[in-house]
Amino acid sequence: MTATTDVRLEPGDPAPDFALEDDHGDTVRLSDLRGRRVVLYVYPAAMTPGCTTQACDFRDSLSALKAAGLEVVGLSPDAPAKLAKFRDKEHLTFPLLSDPDKSVLRAYGAYGQKQLYGRTVEGVIRSTFVIDPKGRIEQAQYNVRATGHVAKLRRELGID
């Protein structure tokens, strides 16, 4: 699956700030996470097989990621109520952010045209961003696979 969008963030770019509602109904701002490294991972839809695999992989790696100084935050266009059900069903312990108008997804280049089963469609581009403590993009990975991505990311970050 390949994707196209006008925006592609690169290492060193400022991470687009946001203020989004999470799965608890609280507002989460990227600016509130300054001083910490953040893994912002983008997924198309809560409670689907691939997105569940990816979320559970982040959940199962959370202690190692936190020990390495990383905060994990998930982002999708799902409503907060659906995110809360996803959190409860899969025992997720990191924030899941709701971007229903897809403005933050677009700012990160994680929403646009992509190839899906041989067809061009518009949708969420599964992506992961590592944001440094100063709010700059450290890594921008587009079109990542749901399965095995967290293990690959851990290796790339020197955690494993």
> Going through the range 109-136 one residue at a time, which ones are farther than 21 Å from Pro77 by Cβ and within 14 Å of the chain's Cα centre (by Cα)?
Replying inline: Val130
>> Quick check on my filter: what residues within the range 27-48 are open to solvent by 10 Å² or more (accessible area, probe 1.4 Å), touching a residue at least 24 places away in the same chain (Cβ under 8 Å) and not β-branched (Val, Ile, Thr)?
In response: Ser31, Leu33, Arg34, Gly35, Arg36, Arg37, Pro44, Ala45, Met47
>> Report every pair of residues separated by at least 6 positions or lying on different chains whose Cβ atoms are under 8 Å apart, first residue within the range 107-125 and under 14 Å from Val144 (Cα atoms), second hydroxyl-bearing (Ser, Thr, Tyr) and open to solvent by 60 Å² or more (accessible area, probe 1.4 Å).
In response: Lys114/Thr2; Lys114/Thr4; Lys114/Thr120; Gln115/Thr2
>> I'd like the full set of residues that are at negative phi and open to solvent by 40 Å² or more (accessible area, probe 1.4 Å), limited to the range 72-106.
In response: Ala79, Ala81, Lys82, Lys85, Asp88, Lys89, Thr93, Pro95, Pro100, Asp101, Ser103, Arg106
> On the given criteria, is Ala68 touching a helix residue (DSSP H, G or I) at 6+ places or on another chain (Cβ under 9 Å), small (Gly, Ala, Ser) and within 21 Å of Gly112 (Cα to Cα)?
Replying inline: no
> Across the range 121-156, which residue is least open to solvent (accessible area, probe 1.4 Å) among those that are in a strand (DSSP E or B) and more than 15 Å from Ala110 (Cβ to Cβ)?
Replying inline: Glu138
> So which residues in the range 107-120 are under 18 Å from Ala45 (Cα atoms), assigned to a loop (DSSP other than H, G, I, E, B) and open to solvent by 40 Å² or more (accessible area, probe 1.4 Å)?
Replying inline: Tyr117
> Restricting attention to the range 27-64, which residues are of a type in the set (Phe, Trp, Tyr) and either in a helix (DSSP H, G or I) or touching a Cys at 6+ places or on another chain (Cβ under 8 Å) (or both)?
Replying inline: Tyr43, Phe58
>> Can you tell me which residue is nearest to the chain's Cα centre (by Cα) among those in the range 49-68 that are small (Gly, Ala, Ser) and open to solvent by 60 Å² or more (accessible area, probe 1.4 Å)?
In response: Ser63
>> For the range 83-100: of the residues being of a type in the set (D, E, K, R) and more than 16 Å from the chain's Cα centre (by Cα), which is nearest to Ser127 (Cα to Cα)?
In response: Glu90
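The values are calculated or read from the model by the stated rules, or taken from the named source; none is laboratory data. Quick caveat: nothing in here was measured; it's all calculated off a predicted structure. In this analysis, Cβ positions are derived from the backbone assuming ideal geometry, glycine residues included, and neighbour counts consider all displayed protein chains. With ligands, DNA and RNA removed, areas are computed over all heavy atoms of the protein, side chains included. Shrake-Rupley method; radii C 1.70, N 1.55, O 1.52, S 1.80 Å.
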